[in-house]
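K.L.:
Quick one: this structure, given as structure tokens, is what I'll be asking you about.
The values are calculated or read from the model by the stated rules, or taken from the named source; none is laboratory data. Source: prediction; values computed, not measured. Backbone-built Cβ (ideal geometry, glycine too); neighbour counts: all protein chains shown. Protein only, heavy atoms only, side chains kept; ligands, DNA and RNA dropped before computing areas. Shrake-Rupley method; radii C 1.70, N 1.55, O 1.52, S 1.80 Å.
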Amino acid sequence: MRIAIINGRVLDPAQAAEEPVVRPVFIEDGRIVAALGADADRTVDANGLYVFPGLIDAHCHLRDPGYEYKEDIASGTASAARGGFTTVACMPNTLPVCDNAALVHYIREKAARQGKARVLPIGAVSKGQKGQELAEIGLMAEAGIVAISDDGHPVETSDLMRKAMLYASQFNMTVISHCEDMSLAAGGHMNEGVWSTRLGLRGIPDIAESIMVGRDCQIAGYTGLPVHIAHVSCRASVRLIREAKARGVPVSAETCPHYFASTEQACDGYNTLAKMNPPLRTPDDVEAIIEGLADGTIDIIATDHAPHHNDEKDLEFALASNGIIGFETAFGLGFTLLVKTGRMSLKQFIAAMTVKPAAILRQKLGSLAVGAPADVLVADLERPFAVDKRQMLSKSRNTPYDGMTLVGRPVLTLYEGRITHDELC
Amino acid sequence: MMLSQKDLLGIQMLSADEIRLILDTAETMKHVISASSKKTAHLQGKSVITLFYENSTRTRLSFELAAKYMGAASANVSASSSSVNKGESLIDTARTIDQMGTDLLIMRHPQSGAPHLIASRVKASVINAGDGMNEHPTQALLDLFTMRARKGDLAGLQVAIVGDIMHSRVARSNLWALLKMGAHVRLAAPGTLLPPGLDRLGASVCPTVADAVRNADVVMGLRIQLERMQKALFPSVSEYARFYALDENILRLARKDAIVMHPGPCNHGIEMPTPIYDGDQSVIQEQVTNGVAVRMAIMFLLTSRRNA
């Protein structure tokens, strides 16, 4: 299949371009090419639209195997494609936990057959994510994991965290850390503060996150080995990461759209769609997250796409599951709240969702350079649209952003030259 | 005037005028309780269900008697808080009860927000009889009724609340209610039993019980749950009693005509010594009686809103 995308404003942060330029992008045999060998099978007129590398999500939950009633690899990647993603890295908290090579093979093979996006499995740090013994990191690396994480749970002891970093480094692998001091967080259901007092809900203080961020930065500094901090939600963490980076500690960090789009107040009325872990924080934390993205302290934006069945959300607040779906709102929330507001340049924003997550996952992806896999996003950055959860392709509908007006809509997604999402034809 | 909402989920949703309406209506109801024939027709033909997922003696009985005095058909459902694990969700249980023609559904639940979850799913009016650490609105209303009966105007009243504020839905509902009525609220508790942000919400947080009680018109003790000790929230009962009990020396700091309140059940000798509990300043028994009157008023007002 030969595709020509013409008249679009092309921006590829991996190629150091500052501003979008109008130029064609040619695709042949699944790769970006300088020119087509024959007439295009399809010509996409992207006049008025933008052309970017396909988005890369370093943190999602595809729920497959074990929780296919929430999501599976087919539905999850279809949802990702509709959101402009061409690569997604899925966390290992499946059933059973992805802590061995067989599970990695299962995920990769199913994704190869059914995936509308590239699926990069993340392996568990510890067997069963129990925080006791190291999982078979080497064998999983051989089978194709791109990083390790016990996401959903912290690696509670400093000792195991250090060992994970030391061991994984020889397999060219970064540890992604879910930072949560359970002695402070256990039993909590939302941010600890005025709103938890008002709602009579047990709180999770921001120090439950930042204390572990500080610990991991210290271990990374001590060992000289990289650590990636997942889902940063608060000012205290941003400050620690900024200080560590200034000292040259090899730490990278991600945040998620909900941490710059929503505050703890969204929990009012016991709205379980605002329940997540780490919890939504204060307006001051939102400001700190945006500052962190703008100055590069926070490297990337990941979705933490966390599908849950309605029966797991339509409950007493304390009993409801944590998390929201994110693939189909991430780009719009980011463009609307970060770029349109002038807080980040378009290039910074696109880099934070393409080439930078690729680098953290150590993949040569996220570029429109000639020869690269033809992972392409064509987006409309002008016409506002209302988020409509009924149109989403995820099996789950747990989003607090239904009905919200956003700008920044993926209209065409190509994964290895295949059209995985198309609103243009 | 009528209540603006179908349900009574919390004091936070009530206006000062609505609180006044409830208290005024309860004045009338109190006459019924003291009459020789305790029977009115206010709830004739109405059905009242109490759905309690937590133990309760006084609150449940108070609602039941209030319903019976007004001629309602009433029934109780005692549910284990673990029934979620047994297969039926709270929403399903509430809908089932609703389908039997229930007018008033009175619910107590260990999770904050549980009555809010069902209120929008049922036709019945939901009355929150205590949800987790969130609210216990009828307790606060009976406390206000008692304060008003003894002290007159609530505006400007100095009210000290002492004890486990963190876990107390009584403290929260009283705080919201008193602030709405223009009273001043001073809180004292061990630092581990104070939730954050109380000062920003309009209360004064005092470093010692003496600071809270000094010149108070009303001194309210809260129940301390002994299992909090195991969670290291305070070191021992005797240490708690030494620094946080409402004893004679502390009460001397309050106004001479101050009243002593407690929502019950009381740990005698810990929250307050028995002579204080039974003393001249105590209105604790009166609170119990007023509880029936206030609950009658609330049930009447919610059903008359339904009739309208």
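K.L.:
For the stretch B:58-73, which positions are closer than 21 Å to B:Gly264 by Cβ and free of Cβ contacts under 8 Å to residues at least 12 places away in the same chain?
P.N.:
Scanning the stretch B:58-73 gives a single hit, B:Leu61.
K.L.:
Tell me, which strands (runs of 3 or more DSSP E) wholly within the stretch B:47-134 include 3 or more residues that are within 12 Å of chain A (Cβ to nearest Cβ) and open to solvent by less than 30 Å² (accessible area, probe 1.4 Å)? Explain how you work it out, then say what you get.
P.N.:
Working: elements: B:47-52, B:73-78, B:104-109, B:125-131.
The strands (runs of 3 or more DSSP E) meeting that bar are B:125-131.
K.L.:
I've got another one for you. Specify which of the listed residues (A:Gly366, A:Gly334) is buried (at least 23 other Cβ atoms within 10 Å of the Cβ) and under 21 Å from A:Ala46 (Cα atoms).
P.N.:
Numbers: A:Gly334 fails: under 21 Å from A:Ala46 (Cα atoms).
Answer to the check: A:Gly366.
K.L.:
Let me ask something else about it. Need the failing condition index for A:Tyr222 against (1) more than 20 Å from A:Thr174 (Cα to Cα); (2) aromatic (Phe, Trp, Tyr); (3) in contact (Cβ under 8 Å) with a residue 60 or more places away in the chain, just the number.
P.N.:
Every condition holds for A:Tyr222 apart from (1).
K.L.:
While we're here: Quick test for you: out of A:His258, A:His231, pick the one residue that is within 17 Å of A:Ile148 (Cα to Cα) and touching a Pro at 6+ places or on another chain (Cβ under 9 Å). Let's see the steps before the verdict.
P.N.:
Values: A:His258 fails: within 17 Å of A:Ile148 (Cα to Cα).
When all the criteria are applied, what remains is A:His231.
K.L.:
Assuming B:Ala41 fulfils every condition listed in (1) loosely packed, with under 14 Cβ neighbours inside 10 Å; (2) in a strand (DSSP E or B) apart from one, which condition is it?
P.N.:
(2)
K.L.:
Applying the selection to the stretch A:279-304, what residues are open to solvent by 10 Å² or more (accessible area, probe 1.4 Å) and either among the hydrophobic types (A, V, I, L, M, F, W, C) or under 19 Å from A:Gly152 (Cα atoms) (or both)?
P.N.:
A:Val286, A:Ile290, A:Ala294, A:Asp304, listed by residue number.
K.L.:
Let me ask something else. Quickly run through the stretch A:259-280 and pick out the residues that are part of a loop (DSSP other than H, G, I, E, B) and within 13 Å of another protein chain (Cβ to nearest Cβ). Show your work before the answer.
P.N.:
Step one: of the stretch A:259-280, the residues part of a loop (DSSP other than H, G, I, E, B) are A:262-263, A:268-271, A:275-280.
Matches in the stretch A:259-280: A:Asp268, A:Gly269, A:Tyr270, A:Asn271, A:Lys275.
K.L.:
Something else now. For A:Met173, state whether it is more than 14 Å from every other protein chain (Cβ to nearest Cβ), more than 22 Å from B:Ala232 (Cβ to Cβ) and not β-branched (Val, Ile, Thr).
P.N.:
Numbers: more than 14 Å from every other protein chain (Cβ to nearest Cβ): yes; more than 22 Å from B:Ala232 (Cβ to Cβ): yes; not β-branched (Val, Ile, Thr): yes.
In short, yes.
K.L.:
Sticking with this structure for a sec: List the strands (runs of 3 or more DSSP E) that sit entirely inside the stretch A:1-94 and contain at least 3 residues that are over 30 Å from A:Ile229 (Cβ atoms). Write out each step before concluding.
P.N.:
Numbers: elements: A:2-6, A:25-28, A:31-33, A:42-45, A:50-53, A:55-60, A:85-90.
Those strands (runs of 3 or more DSSP E) span A:2-6, A:25-28, A:31-33, A:42-45.
K.L.:
I'd like the full set of residues that are modelled with pLDDT of 95 or more and out of contact with any helix residue (DSSP H, G or I) (no Cβ under 7 Å at 6 or more places or on another chain), limited to the stretch B:282-308. Steps first, answer last, please.
P.N.:
Step one: filter the stretch B:282-308 for residues modelled with pLDDT of 95 or more, giving B:282-303.
The answer is B:Gln285, B:Leu302, B:Thr303.
K.L.:
Also: Residues in the stretch B:137-175 that are open to solvent by 30 Å² or more (accessible area, probe 1.4 Å), in a helix (DSSP H, G or I) and more than 20 Å from B:Glu18 (Cβ to Cβ): how many?
P.N.:
The qualifying residues number 2.
K.L.:
Kindly provide the set of residues from the stretch A:236-258 that are under 10 Å from A:Asp216 (Cβ atoms) and in a loop (DSSP other than H, G, I, E, B), ordered by number.
P.N.:
A:Val249 - this is the single residue of the stretch A:236-258 that is under 10 Å from A:Asp216 (Cβ atoms) and in a loop (DSSP other than H, G, I, E, B).
K.L.:
Which of the residues spanning the stretch A:337-363 are open to solvent by less than 20 Å² (accessible area, probe 1.4 Å) and either closer than 19 Å to A:Val119 by Cβ or of a type outside the set (A, V, I, L, M) (or both)? So that I can check it myself, show each step before the final result.
P.N.:
Applying the first criterion (open to solvent by less than 20 Å² (accessible area, probe 1.4 Å)) to the stretch A:337-363 yields A:338, A:344, A:349-354, A:357-358, A:361.
Selection gives A:Phe349, A:Met353, A:Thr354, A:Pro357, A:Ala358, A:Leu361.
K.L.:
Further question: When the residues of the stretch A:186-209 are filtered to those that are within 14 Å of chain B (Cβ to nearest Cβ) and acidic (Asp, Glu), which remaining residue is farthest from the chain's Cα centre (by Cα)?
P.N.:
Filtering the stretch A:186-209 down to residues within 14 Å of chain B (Cβ to nearest Cβ) leaves A:186-208.
Then drop every residue that is not acidic (Asp, Glu), which leaves A:192, A:206.
On the way: A:Glu192: 25, A:Asp206: 21 Å.
Filtering the stretch A:186-209 for residues that are within 14 Å of chain B (Cβ to nearest Cβ) and acidic (Asp, Glu), the one farthest from the chain's Cα centre (by Cα) comes out as A:Glu192.
K.L.:
It is to be established whether one or more residues within the stretch A:162-185 are open to solvent by 60 Å² or more (accessible area, probe 1.4 Å) and under 22 Å from the mean Cα position of the chain (by Cα).
P.N.:
Yes, some residue in the stretch A:162-185 is open to solvent by 60 Å² or more (accessible area, probe 1.4 Å) and under 22 Å from the mean Cα position of the chain (by Cα).
K.L.:
Would you check which residues across the stretch A:217-229 are out of contact with any Leu (no Cβ under 9 Å at 6 or more places or on another chain), assigned to a helix (DSSP H, G or I) and open to solvent by less than 10 Å² (accessible area, probe 1.4 Å) and list them?
P.N.:
Listed by number, the list holds a single entry, A:Ala220.
K.L.:
While we're on this one: Determine which single condition A:Ser183 fails, assuming it passes every other condition in (1) free of Cβ contacts under 8 Å to residues at least 24 places away in the same chain; (2) over 26 Å from A:Leu280 (Cα atoms).
P.N.:
Failed condition: (2).
K.L.:
Quick check on B:Leu178: is it more than 14 Å from chain A (Cβ to nearest Cβ) and in a helix (DSSP H, G or I)? Quick ask: steps written out before the conclusion?
P.N.:
Values: more than 14 Å from chain A (Cβ to nearest Cβ): yes; in a helix (DSSP H, G or I): yes.
Here the answer is yes, as B:Leu178 does meet what is asked.
K.L.:
Against the condition touching a His at 6+ places or on another chain (Cβ under 8 Å), open to solvent by 50 Å² or more (accessible area, probe 1.4 Å) and assigned to a helix (DSSP H, G or I), how does B:Phe300 come out, does it pass?
P.N.:
On the way: touching a His at 6+ places or on another chain (Cβ under 8 Å): yes; open to solvent by 50 Å² or more (accessible area, probe 1.4 Å): yes; assigned to a helix (DSSP H, G or I): yes.
Taking the combined requirement at face value, the residue satisfies it.
K.L.:
Looking at the stretch A:263-276, I want the residues that are more than 15 Å from B:Gly113 (Cβ to Cβ) and have a partner that is of a type in the set (Val, Ile, Thr) and in a helix (DSSP H, G or I) with Cβ atoms under 9 Å, at least 6 apart or on another chain. Which pairs are those?
P.N.:
A:Thr263/A:Val286
K.L.:
Of all residues in the stretch A:378-409, how many are closer than 22 Å to A:Arg63 by Cβ and open to solvent by less than 50 Å² (accessible area, probe 1.4 Å)?
P.N.:
Going residue by residue through the stretch A:378-409, those that are closer than 22 Å to A:Arg63 by Cβ are A:387, A:389-402.
Filter once more, keeping what is open to solvent by less than 50 Å² (accessible area, probe 1.4 Å): A:387, A:392, A:394, A:396, A:398-401.
The total comes to 8.
K.L.:
Inside the stretch A:281-329, can you point out the residues that are more than 13 Å from every other protein chain (Cβ to nearest Cβ) and part of a helix (DSSP H, G or I)?
P.N.:
Correct list: A:Pro283, A:Asp284, A:Asp285, A:Val286, A:Glu287, A:Ala288, A:Ile289, A:Ile290, A:Glu291, A:Gly292, A:Leu293, A:Ala294.
K.L.:
So A:Gly214 fits all but one of (1) in contact with a Ser or Thr (Cβ under 8 Å, 6 or more places away or on another chain); (2) surrounded by fewer than 24 Cβ atoms within 10 Å (Cβ to Cβ); (3) closer than 24 Å to A:Ile301 by Cβ; (4) not β-branched (Val, Ile, Thr); what number is the exception?
P.N.:
Only one criterion is unmet by A:Gly214, namely (1).
K.L.:
Further question on the same structure: Go through the stretch B:193-221 and give me each residue that's within 14 Å of chain A (Cβ to nearest Cβ) and open to solvent by less than 20 Å² (accessible area, probe 1.4 Å). If you could, list the steps in order and put the result at the bottom.
P.N.:
Step one: filter the stretch B:193-221 for residues within 14 Å of chain A (Cβ to nearest Cβ), giving B:193-203, B:205.
The answer is B:Leu193, B:Pro195, B:Gly197, B:Leu198, B:Ala203.
K.L.:
Tell me yes or no: at least one residue of the stretch A:204-220 is under 23 Å from A:Asp57 (Cβ atoms) and of a type in the set (Lys, Arg).
P.N.:
no
K.L.:
If you take the residues in the stretch B:4-17 that are in contact with a helix residue (DSSP H, G or I) (Cβ under 9 Å, 6 or more places away or on another chain) and farther than 19 Å from B:Asp131 by Cβ, which one is surrounded by the most Cβ atoms within 10 Å (Cβ to Cβ)? Steps first, answer last, please.
P.N.:
Let us first name the residues in the stretch B:4-17 that are in contact with a helix residue (DSSP H, G or I) (Cβ under 9 Å, 6 or more places away or on another chain), namely B:4-16.
With farther than 19 Å from B:Asp131 by Cβ added as a condition, the list becomes B:4, B:15-16.
On the way: B:Ser4: 11, B:Ser15: 11, B:Ala16: 14.
Among those that are in contact with a helix residue (DSSP H, G or I) (Cβ under 9 Å, 6 or more places away or on another chain) and farther than 19 Å from B:Asp131 by Cβ, it is B:Ala16.
K.L.:
Moving on to the next point. I'd like to check something: does the stretch B:202-212 contain any residue that is of a type in the set (S, T, N, Q) and within 23 Å of B:Ser15 (Cα to Cα)?
P.N.:
We begin by selecting, within the stretch B:202-212, every residue of a type in the set (S, T, N, Q); these are B:204, B:208.
Okay, now just the ones that are also within 23 Å of B:Ser15 (Cα to Cα), so B:204.
There is at least one residue in the stretch B:202-212 that is of a type in the set (S, T, N, Q) and within 23 Å of B:Ser15 (Cα to Cα).
K.L.:
Would you check if there is a residue in the stretch A:265-278 being crowded, with 24+ Cβ neighbours inside 10 Å, over 24 Å from A:Gly66 (Cα atoms) and under 20 Å from the mean Cα position of the chain (by Cα)?
P.N.:
No, the stretch A:265-278 contains no residue that is crowded, with 24+ Cβ neighbours inside 10 Å, over 24 Å from A:Gly66 (Cα atoms) and under 20 Å from the mean Cα position of the chain (by Cα).
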